[in-house]
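Input: a single structure, listed below in structure tokens.
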Amino acid sequence: MADNIIIQAFLERNHLTKYPLRWLTEDASMRRYARIETPKKSYILMDSPRTEHPYEFDIVDKILIKNGLSAPVIYDEDLPNGLLLLEDFGDNTYASLLLKSPSLEETLYTAALDVLIKLRSIPIEDIQVIEKYQESQMIEHLETFTDWFMPYVLHGKPQDTIKTDFIEIWKQLIPSALNTQQGLILWDFHINNLMHLERYGLQSCGILDFQDARIGPFSYDLVSLLEDARRPMNPHLRDSLMDRYIKQINPSEQENFIRSYHILAAKRHLRVLGFFVRLCQRDHKPGYLRHLPHVYNLLEQHLKQPYLADLKEWFYQTLPHTLPKESS
């Protein structure tokens, strides 16, 4: 995080030092945000450690805006110190709106799906600077599950052979997960990072938190949207949106896409289980444990797929069939 002297110097060059910083609620990341309200305009100050990829945020932000999507305008930046002065999209996150007005579910999710469909058309020359989602990174993310969730439910570190078997299963699955059309994926494309804006069409969906974007399977972001770790969605709407998205894909590619979707969904849910336990135990954010049963249920639905049979067998032989009581 930037120290107060650096923050004040950044605000001074933007003539904002006389306005108070109102720090906003923390999220699951190490970044922090403050709202700055002036008589004419409101801004968001992002204070991001280097580990949270402020340079990548800057790059992806510009790509999204260039392609007609609503990412916050960057008014100024001090990237070596992780500071960005951003357009303020307000407070209407999809998550908060759906909590107050569940009837908006179809409208909001449909707008978000349109964004994902648009991402499929971003020219490859626009994203050549983005890193690819590598097999090694997928394995690293799965270790969040073995290193945090498994000790949590087993009440101790799992045997090395158990972890080795798990990783070997995934080394067999990953090629199928990657065997589908790839392009820009925003990584955390879910309702906590989407904003409802008073704009027309595609631009009504404001996009936040995309500094971890990669070139990877388009199926990844669809999983993030339709299988949110913190909010169950109407299953009929989920199926309808899934069908609508698949119609955008060449029929000869649809089978590969669906297989990739199920594999990456299982991978994402495993990682999230570990991530939520880590947030509780390492970062002292116990509230995330209440989401574990929902994520566990989502995972189990995908384990029914025949190509995940080895993972299913390992899962039920290794882990208890019920979660600890504090997760319920």
Which one of Leu323, Leu319, Leu289 is in contact with a Cys (Cβ under 6 Å, 6 or more places away or on another chain) and over 25 Å from Tyr133 (Cβ atoms)?
Leu289
Of the residues that make up the range 117-135, is at least one farther than 22 Å from Cys280 by Cα, open to solvent by less than 50 Å² (accessible area, probe 1.4 Å), of a type in the set (D, E, K, R) and in a loop (DSSP other than H, G, I, E, B)?
yes
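Consider the range 128-138. How many of its residues are of a type in the set (A, V, I, L, M) and closer than 13 Å to Leu178 by Cα? Show your work before the answer.
Keep residues of the range 128-138 that are of a type in the set (A, V, I, L, M), which gives 129-130, 138.
Cutting the leftovers down to closer than 13 Å to Leu178 by Cα gives us 138.
Summing the residues that are of a type in the set (A, V, I, L, M) and closer than 13 Å to Leu178 by Cα in the range 128-138 gives 1.
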State yes or no: is Glu140 assigned to a helix (DSSP H, G or I), open to solvent by 70 Å² or more (accessible area, probe 1.4 Å) and touching a helix residue (DSSP H, G or I) at 6+ places or on another chain (Cβ under 9 Å)?
no
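Could you count how many residues in the range 43-61 are assigned to a strand (DSSP E or B) and either in contact with a Cys (Cβ under 7 Å, 6 or more places away or on another chain) or surrounded by fewer than 14 Cβ atoms within 10 Å (Cβ to Cβ) (or both)?
Taking the range 43-61 first, the residues assigned to a strand (DSSP E or B) are 43-47.
With either in contact with a Cys (Cβ under 7 Å, 6 or more places away or on another chain) or surrounded by fewer than 14 Cβ atoms within 10 Å (Cβ to Cβ) (or both) added as a condition, the list becomes none.
Going through the range 43-61 one residue at a time, the tally reaches 0.
Return yes when Asp88 is touching a Phe, Trp or Tyr at 6+ places or on another chain (Cβ under 9 Å), crowded, with 19+ Cβ neighbours inside 10 Å and farther than 26 Å from Lys285 by Cα and no when it is not.
Values: touching a Phe, Trp or Tyr at 6+ places or on another chain (Cβ under 9 Å): yes; crowded, with 19+ Cβ neighbours inside 10 Å: no; farther than 26 Å from Lys285 by Cα: yes.
Against the criterion (touching a Phe, Trp or Tyr at 6+ places or on another chain (Cβ under 9 Å), crowded, with 19+ Cβ neighbours inside 10 Å and farther than 26 Å from Lys285 by Cα), Asp88 does not qualify.
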Working carefully through the options Arg35, Arg13, find the one that is basic (Lys, Arg), surrounded by 15 or more Cβ atoms within 10 Å (Cβ to Cβ) and either farther than 30 Å from Leu273 by Cβ or modelled with pLDDT of 95 or more (or both).
Arg35
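Condition check ((1) hydroxyl-bearing (Ser, Thr, Tyr); (2) in a helix (DSSP H, G or I); (3) in contact (Cβ under 8 Å) with a residue 60 or more places away in the chain) across all residues:
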| site | (1), (2), (3) |
| --- | --- |
| Leu11 | no, yes, no |
| Thr17 | yes, no, no |
| Ile63 | no, yes, yes |
| Gly68 | no, no, yes |
| Pro72 | no, no, yes |
| Leu99 | no, yes, no |
Contacts under 6 angstrom Cβ, first residue in the range 312-328 being touching a residue at least 12 places away in the same chain (Cβ under 8 Å) and among the β-branched types (Val, Ile, Thr), partner surrounded by 12 or more Cβ atoms within 10 Å (Cβ to Cβ) and in a helix (DSSP H, G or I), 6 or more apart:
Thr318/Ile162
Tally the residues that are under 18 Å from Arg230 (Cβ atoms) and open to solvent by 40 Å² or more (accessible area, probe 1.4 Å), restricting the search to the range 295-318.
3
Looking only at the range 199-208, count how many residues are modelled with pLDDT under 95 and outside any helix (DSSP H, G or I).
1
Within the range 236-271, restricting to residues that are out of contact with any Phe, Trp or Tyr (no Cβ under 7 Å at 6 or more places or on another chain) and closer than 25 Å to Gly287 by Cα, the one that is surrounded by the fewest Cβ atoms within 10 Å (Cβ to Cβ) is Arg268
Would the range 319-326 turn up any residue that is part of a helix (DSSP H, G or I), open to solvent by less than 50 Å² (accessible area, probe 1.4 Å) and not basic (Lys, Arg)?
no
Among Leu194, Leu222, Leu154, which is surrounded by fewer than 16 Cβ atoms within 10 Å (Cβ to Cβ) and either touching a residue at least 24 places away in the same chain (Cβ under 8 Å) or touching a Ser or Thr at 6+ places or on another chain (Cβ under 6 Å) (or both)?
Leu154
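For the range 272-294: of the residues being more than 16 Å from the chain's Cα centre (by Cα) and over 16 Å from Pro324 (Cα atoms), which is surrounded by the fewest Cβ atoms within 10 Å (Cβ to Cβ)? Steps first, please.
Quick first cut of the range 272-294, residues more than 16 Å from the chain's Cα centre (by Cα) only: 277-278, 280-287, 289-290, 292-294.
Next, from what is left, pick out any that are over 16 Å from Pro324 (Cα atoms): 282-285.
Numbers: Arg282: 9, Asp283: 13, His284: 7, Lys285: 15.
The selected residue is His284.
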Only one of (1) within 19 Å of Lys267 (Cβ to Cβ); (2) part of a strand (DSSP E or B); (3) in contact with a strand residue (DSSP E or B) (Cβ under 6 Å, 6 or more places away or on another chain) is not met by Gly183, so which one is it?
(3)
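The values are calculated or read from the model by the stated rules, or taken from the named source; none is laboratory data. This one's a predicted model, so the numbers in the text were calculated from it and none came from an experiment. No Cβ is skipped: glycine too gets one built from the backbone with ideal geometry, and neighbour counts run over all protein chains shown. Each accessible area value is taken on the protein alone, full model and side chains, heavy atoms only, with ligands, DNA and RNA left out. Shrake-Rupley method; radii C 1.70, N 1.55, O 1.52, S 1.80 Å.
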